[in-house]
Amino acid sequence: MVNKKKEELVFNPNAKTQYIGILISGHLYIEKNLPCGKVVPIFFKKSGEVFGEVALFSSTQTYPCNITAKRPSEIILISKENILKLLLSDILVMNNFLQLIANKALFLNLKTELLSYSSIQQKICYSLLNEFDAKENEIITLPFSKKTWAESLNVSRPSLYRELKSLENYNLLKCIDNNKIGIINAEGLANLIMSE
């Protein structure tokens, strides 16, 4: 068990890949630092989630991203050798692990599609319907701030707020507070993705 303070690094791109982590308590951000100095959020991890597994089983020698505790966090680190023993000893664990890897690949495909849209409204609609699995008359709670959401959409925060207001004016959604969004018309959001 490892304890990390708020803003303390768990893994970074200079660290040799030796472990996967299981977050017992706290929150982690997985972020990619680009050469231009921009930081792009990739994943947000909460209690019970696994991280570092793709890097550990890839051909890379280091972790590709910064993994930072966003609040005090308890983490279990498991070596590659121990993970392999566990996978070979229990078919259910192996199945769940492979499903985890497949879901991460699917998420990255969705992220690639999201970033291919040219308009901010399309990105917002796509994110709500696919990343957050929004349904009609449902309230979505963002797992992070709108600033972080804007960064993950690769747009500025003022642009995100402006386009959310526009979508409110179209009666497609309602911003309830800083991290809650009510979905009024999911079909309208889907149509907006395809319209441009």
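Remarks
- Span-rule helices in the chain, defined as complete DSSP H runs reaching 24 Å or more along the axis (Cα) with Kyte mean at least -0.5: 91-116
- Listed residue pairs exceeding 22 Å between alpha carbons, taken from LYS5/LYS38; LYS111/LYS135; LYS32/LYS147; LYS70/LYS123; LYS46/LYS123; LYS46/LYS85: LYS5/LYS38; LYS70/LYS123; LYS46/LYS123; LYS46/LYS85
- For the residues CYS36, CYS175, CYS125, a GNM of the chain with alpha-carbon springs under 10 Å puts the largest fluctuation on CYS36.
- The gain in end-to-end length when the THR60 to LEU9 segment is fully stretched comes to 16.4 nm, 0.36 nm per residue minus the alpha carbon separation.
- Measuring r between the beta carbons of SER159 and CYS36 and using R0 = 22 Å, the FRET efficiency lands at 0.75.
- Cα shape, the stretch 1-79, gyration tensor, a/c 1.5 rule: oblate
- Whether the stretch 115-195 is rounded, prolate or oblate, judged on the alpha carbon gyration tensor where a/c under 1.5 counts as rounded: rounded
- Unit charges at the beta carbon, dipole of the chain: most positive-side option, TYR170, GLY37, ILE75: GLY37
- Between the stretch 130-196 and the stretch 2-34, the Cα center-to-center distance that results, in Å: 29
- The magnitude of the dipole of the chain, with charges of +1 and -1 set on the Cβ of Lys/Arg and Asp/Glu and taken from the Cα centre, is near 640 debye.
- Here the Karplus curve 6.51 cos²θ - 1.76 cosθ + 1.60, taken at θ = phi - 60°, turns the phi angles of the stretch 66-77 into couplings of 7, 10, 10, 6, 8, 7, x, 9, 10, 9, 9, 9 Hz, with x standing for Gly and Pro.
- With the simple model of a label 7 Å out from the Cα in the direction of the Cβ, ILE101 to LEU77 spans 2.2 nm.
- Working note: 222 nm ellipticity from helices only, DSSP H runs with n ≥ 4, each -39,500 (n - 2.57), summed and divided by the residues of the chain, gives -12000 deg cm²/dmol to the nearest 500.
- Given charges at beta-carbon only (K, R positive; D, E negative), |dipole| of the stretch 41-127 in Debye: 280
- Partners for LYS165 among aspartates and glutamates (Cα-Cα distance below 19 Å; same-chain residues under 8 apart left out): GLU136, GLU138, GLU151, ASP177, GLU187, GLU196
Each reported figure results from applying straightforward, stated rules to the coordinates on display, with no laboratory input. Note that the structure is a prediction, hence the values are computed from the model and not measured. FYI the Cβ positions are ideal-geometry reconstructions off the backbone, even for glycines, and counts take in every protein chain you see.
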